[in-house]
Amino acid sequence: MKHLIKSAVIAGTLVTLMISGCSKTSEIVPETTTPAATAPAITFADGYGALAAVRSVSYTTVAGMAIPLEVNTAVAAFTTTMGGSTFVDGGTVTLNTKGLTKSTNNAYVYQNLTDPLTFSTLAWNVTGSASVPAISYTDERPIPDYTGFSTLPATITKTAGATISLGSAVSNADSIYVTVTDYNNHRIFKRLGGNAGECVISSSELAVFTAGQGMVQVCPWNLKAEDISGKRFYFIIESAFTKQGITIN
């Protein structure tokens, strides 16, 4: 379960991980991980599964205009042992009556982008199996949001570092993950509390980055544990806001 949850706060990584069934932590942990003191402690050793609704908003600048592309998706996975890393069949899984597709490693992912998910409500239903109880759960928490896209840097200078403004631009989040990535597989990944005012990235952290293009991502998210039929399951709501094509020099 640990390798699932570490990626659950990064939308693209989460989907890729659950489909591939990767179990090597070294393949998913970025180069720099800095937990903030105000971020809530997260322990999944007592969990039998996780269900995540993910709103992904990617911005690309075209002719000087920021064009958003929004995609909603959902992922889920279940285990037979607390904190386990081997996923098991959970029957049919739906979010808002739309069915998730079970991958070869028994992780579930919503893949039908021609019939997009809407998050006006978050109603999970799992029919269950011999190892997984039936689950019917409506998550009434608001969707985390970030309104600070216009403040995200278009250029990051390695020797100067970078500061990502958060503060009042973030709402409905327990935690925030900030990621800066170049296009040569270097990544800085930081976890902060939902009330963090900013994320500071030092010049030393950026030293290994390759000059060229990259992206910056702000992911506000929240987490809730529910005990169902004597087993604990975690419900995650995440929003991932990505600015593509930034310049790194």
Since residue 162 meets every condition but one in (1) of a type in the set (Gly, Ala, Ser); (2) on the phi < 0 side of the Ramachandran plot; (3) touching a strand residue (DSSP E or B) at 6+ places or on another chain (Cβ under 8 Å); (4) part of a loop (DSSP other than H, G, I, E, B), which condition does it not meet? (4)
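Would you call residue 39 at pLDDT below 90 and surrounded by 14 or more Cβ atoms within 10 Å (Cβ to Cβ)?
Numbers: at pLDDT below 90: yes; surrounded by 14 or more Cβ atoms within 10 Å (Cβ to Cβ): yes.
Taking the combined requirement at face value, the residue satisfies it.
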Which of the following residues is in contact with a Gly (Cβ under 8 Å, 6 or more places away or on another chain) and either within 23 Å of residue 175 (Cβ to Cβ) or among the hydrophobic types (A, V, I, L, M, F, W, C) (or both): 50, 63, 107? 107
Can you tell me which residue within region 79-99, out of those that are surrounded by 19 or more Cβ atoms within 10 Å (Cβ to Cβ) and in contact with a Ser or Thr (Cβ under 7 Å, 6 or more places away or on another chain), is farthest from residue 230 (Cα to Cα)? 87
I'd like the residue in region 203-249 that is of a type in the set (Ser, Thr, Tyr) and surrounded by 14 or more Cβ atoms within 10 Å (Cβ to Cβ) and, out of all such residues, is farthest from residue 126 (Cα to Cα). 242
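The values are calculated or read from the model by the stated rules, or taken from the named source; none is laboratory data. Predicted, not measured: the structure shown is a model, and the values here were computed from it. Note: ideal-geometry Cβ built from the backbone for every residue, glycine included; neighbour counts use all protein chains shown.
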